[in-house]
Structures are given as C-alpha cells and as structure tokens.
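See below for the structure under consideration.
Just so you know, all these numbers are worked out from the coordinates, no wet-lab data involved. Everything numeric in this text was worked out from a predicted model, so none of it was measured. Note: ideal-geometry Cβ built from the backbone for every residue, glycine included; neighbour counts use all protein chains shown.
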C-alpha cells in the first residue's frame, strides 16, 4: 500500500471548445483556497513537444511568460501569479516535450534496467513524478490540463490523472470546464455539448467532481439540473461561470457558489471562513469606474489571419489595467501595428492618445515604426513606457535624433550599423552561431540598482518596493539577447539621456529615462511579469499617474 501524499491534487480539464477559460478557473480556485489560508501550487500542462514556450511565435500561442528562475512558459502561469500573488517556478510548468526528453534520457542511461520503455507505466510515472514535485510544502496542487478532452495529444496526461486517482483515491478530484452555447437561431442554452464532453471523460475512466459551465450568460436552474443528472454530479457541484467584463470577477462568482467549500468538503478539510475581502473591493471599484484614458500599444504581434490576438501582450494589458484602476480610471487600449506607423506616419496613427507603450519583441519587422512612435512620444510630450524592445527602440531614437548619431541602430536589425547603440551580448553571439535558441537568452530574475534621485527611484519608493534611504536594489525579470552598448553610454548621457538603473556591478544598463518629460521611461527588463491586480508595478503606476496628471481623462 503506497503512502498517501499530504497534498491534494485538483485536475482542471476543458471541453467542447479550446480557450474556454481553464486557466482563469484554475487561477480563481487558487485565489479562493489561498484566501482561506491554504497553500496552493498551480501547474500548467502544455501538450506540445516543445520543451518550453520560448521558441513559439506569440501569434501561435500567445505571450511567453517568464518566471524568476528563467523558464519560458505559457501565459496561464502569468494569470496564476497575478491571482494568487506568489512567484512560480519550473516545477509549475510541464510540456510533453519535457516528459519524453526525461524518459528517453533515462532509457539511454539504462535506468529502466533493460525493460522495454512504454507509455504506461514509464511515461505516466514520469508525469506523476512531476506532479508530485509541485506538491512539496503545499495543501493543494491545481493542475490545468491543456487542450480539450478528446484530443489525442493530451490523452496520456488524462491517463496519468486516472492512475494517480487509483493510487490515492482520497487525494484527487477532477473539475471539468465546458461550454454551453446559445445558438442565435434557437435562442436557447444547450447542455448537450457538456454532456458529450463529460462522456469522453468517462470513457477514459474519469468522473468529474465539479462541472464549471462557461456561457455567455448565467446558467439557469433547468440546465444545471440536466447537467447534474446526465453527468452524474451533485446539483450544487454544477457551477455557472458566465462572460464578465473583467476576469478578476471570476473568483468572486465562483466563491459566491461556494466553490472553495465544495473542494474542502471533498477532501474532508475543516471549513475556513476567510473571504476575498480585498478582491471583492477591487471588483467593486472596477465596476464603478467611468473615466477613461486612451493608450496606444505599438507592437508587432497582433495579427493572426483575419484576427487580432491581444494575448500576445496579455501581461502588458493586465498591468496597465492594474495601474489604471488604482487611479480610478479605465484604460482604453488600441493595438497599433508598427508597420502602419512606418507607412502612414506617427501623427496619423497616434494623435489623440494619452499615453504610448512599446512592448517587447524580436526581429527587424516594424522596428522603424516603433522608433517613430518613440519620437512622437518624446517630441509631443506624451507619456511613454518602453518595455525591453521598447527601451531599445527609445535608445535608438534618442541616439539618432538627439545625440545626432546618424544611422544608429541595434545589430539585431542592422548588423553593419555605424553606431550599434544596442548590441548583442558576447555569450549570446556564440550561442546563435551554434543555433542554440531555446532557453539561452538572458532569462529570469536579475538584480538592478536604481539610481538615487531619478524619476524611476521615486516610483519604486511611492510603491513601497524600496525605501527613501538604504538599499535601492530591486529584482526584475528578463528575456532578451541584446543590451545597451556601454561604448555609447557617456555620449548618450552627455546628450541628456538618464541612466536610471543598472546591474549592481554597473556593467549593464537596465533603465533609461528623460528628465524634461512628463514620463519617459524604458526598462530592459519586463516589469509586466511582476504586476498584480492589488499591487500594480511601480513603472506602470508612474506611467498612468503621468497620464492622469498630463491630460484630463476623457469621459
């Protein structure tokens, strides 16, 4: 008899359609359980054979989120961090590629003692081992199974969850998130797709304990009763999760239906009455806001076929919301393809916006449009925030048009530029020559020393991250290969560019800013990865405060 694990495992799967909201459901459940005083560890399982998300196009899979320890992950880990307000790590992200790589490595090292290696038990055992790694020191492991039930790519992970339940019947439960459509020609909510989805689960030996019904509107009693009857769950275990204006309302919606109590009862935990007081206050504030600020996000990863994919910059979008809500305004965001700025000019695309953001990116496409957007923000005194690539574009624009370094550029775009103000790091150049692309950038948390007396320092002090005296060291997350070229540092500073933050050894520039501007800040790191709905990031807060101060918000 195997010893039972102390942690409880909650699997979250999806049915009917992809993109149904498993990630937000998992994050919301984590927030609810943590609000009751329990320790949680969310895990995302991605079904592709990539070892991480680092080499996947943003248009293909959405934003690449980076943890403190440098793993490039699916955007859902960003949602988890924002909802439960705790940093996650490598153990919280699993891909099929990681699992097979580990199994094959062990086979080559003769760790299976000459057995023929098979999907069951060897692959499923490795999956379970990874689940259990995330269980140390926590009460609940919430495992989101990527994809949709019935896909062949994820079947092995469902099988692992079944085996884990067989081993530890009192330590595992399954939550199924499925869609109830309302066909326009019928005008009636249909529960059959959910029933079919659950039957697919049943065919794999899995019975859900809770069903979360996603729909345009709240599920009525009749549909809840039918789902309960045909899917073999208690009526109270059928939860409604309708479309809402903000994802941060979902924990409140599920908490109002006693989702936390359902989980605790399932595992025999004593009830804890702590609630989502601060979270509810936030949702109430968001619903009451009527004033808007207009922000242009000038990027290059919006288009996918005939559609625009805001998920490419989801952490940037959420960070802007966090900061705006703290000042009782709502950000009205407009995605502007930098190629359009190149072709039509900055004034044609950016006139009338209260703030401009240039987020991260790679490659040469659309960079001149970004540079023109920076120039427009600098000359027109429009608050500007540059993130990673946006910081590099700001440096290039300043070098060209203020320091008069004609042809200044990044060697990523123009290897033969006469003034490489942004240049590749020597170790990165060696890796690219060997085509070592995956997991080789400057990744994860790095310390940064904020220069005293700068605008940036003020923002970190106001936010309480650093004090007015003592250490001015912060920690931020990176994902890039190219850096500010120190050979041009003195020349650009003499022209008026302020170096507001560096690595502790002062060798790498981390933050630049302009003193004679309402707000003009560029960071080599990605501040959006550490913003929280209840704790906006200092650089985003400063950006929004400058907008509010610089221009009366529009009604």
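What whole number of Å gives the distance from the Cα centroid of region 3-75 to the Cα centroid of region 198-265? Each part's Cα centre sits 19 Å from the other's.
Packing around the peptides 34-40, 542-548, taken as the average count of other Cβ atoms within 10 Å per residue, puts them in this order, highest first: 542-548, 34-40. With the highest mean first, a sort of the peptides 247-253, 385-391 on other beta-carbon atoms found within 10 angstrom per residue produces 385-391, 247-253.
In what sequence do 537, 478 fall when counting other Cβ within 10 Å, fewest first? Intermediate results must be reported in sequence, preceding the final value.
Numbers: 537 26, 478 21.
In order of increasing Cβ crowding within 10 Å: 478, 537.
Computed over the Cα atoms of the chain, what is the convex hull's projected area averaged over all directions, in nm²? Walk me through the intermediate numbers first.
Numbers: hull surface 112.9 nm².
Averaged projected hull area, Cα only: 28.2 nm².
If one computes the Cα centroid of region 138-177 and of region 500-541, what distance in Å separates the two points? Computed from Cα coordinates, the inter-centre distance equals 40 Å.
Any idea what angle helix 192-203 forms with the longest principal axis of the chain, computed on alpha-carbon atoms, 0 to 90 degrees, nearest 10? Value to nearest ten degrees: 70.
Cα-based Rg of region 103-229 per 2.2 N^0.38 Å, rounded to two decimals? Kindly include the intermediate steps, with their values, before the conclusion.
Working: Rg = 18.4 Å, N = 127, 2.2 N^0.38 = 13.9 Å.
So region 103-229 has a normalised radius of gyration of 1.33.
Which angle from 0 to 90°, rounded to the nearest 10, does the C-alpha axis of helix 538-550 make with the longest principal axis of the chain? Once rounded, the angle reads 60 degrees. Placing a pseudo-label 7 Å from each Cα along the Cα-to-Cβ vector at residue 343 and residue 486 gives an inter-label distance of 4.3 nm.
When the helix-only estimate is applied to the chain (DSSP H runs of n ≥ 4, each -39,500 (n - 2.57), divided by the residue count), what is the mean residue ellipticity at 222 nm, nearest 500 deg cm²/dmol? Numbers along the way, then the final one.
Values: 20 runs with 200 residues, N = 555.
About -10500 deg cm²/dmol.
For the chain, the longest principal axis of the alpha carbon atoms and the long axis of helix 367-379 meet at an angle near 60°.
Subtract the Cα-Cα distance of residue 132 and residue 199 from 0.36 nm times their separation in residues, and report this length gain in nm to one decimal.
On the way: separation 67, 0.36 × 67 = 24.12 nm, distance 2.78 nm.
The span from residue 132 to residue 199 would gain 21.3 nm if fully extended.
Peptides 104-112, 527-535 ranked from most to least packed give 527-535, 104-112, packing being the mean of other C-beta atoms within 10 angstrom over each peptide's residues. Summarising the strand pairing of region 11-283, around 5 percent of its internal DSSP beta bridges are antiparallel. Of all DSSP bridge pairs formed entirely within region 34-177, close to 20 percent run antiparallel. Across region 11-283, the relative contact order, built from alpha-carbon pairs under 8 Å that are at least six residues apart, equals 24 percent. If both residues of a DSSP beta bridge must be in the chain, then about 35% of such bridges are antiparallel.
Note on residue 104/residue 278: beta-carbon distance plugged into 1/(1 + (r/R0)^6) with R0 of 56 Å gives a FRET efficiency of 0.75.
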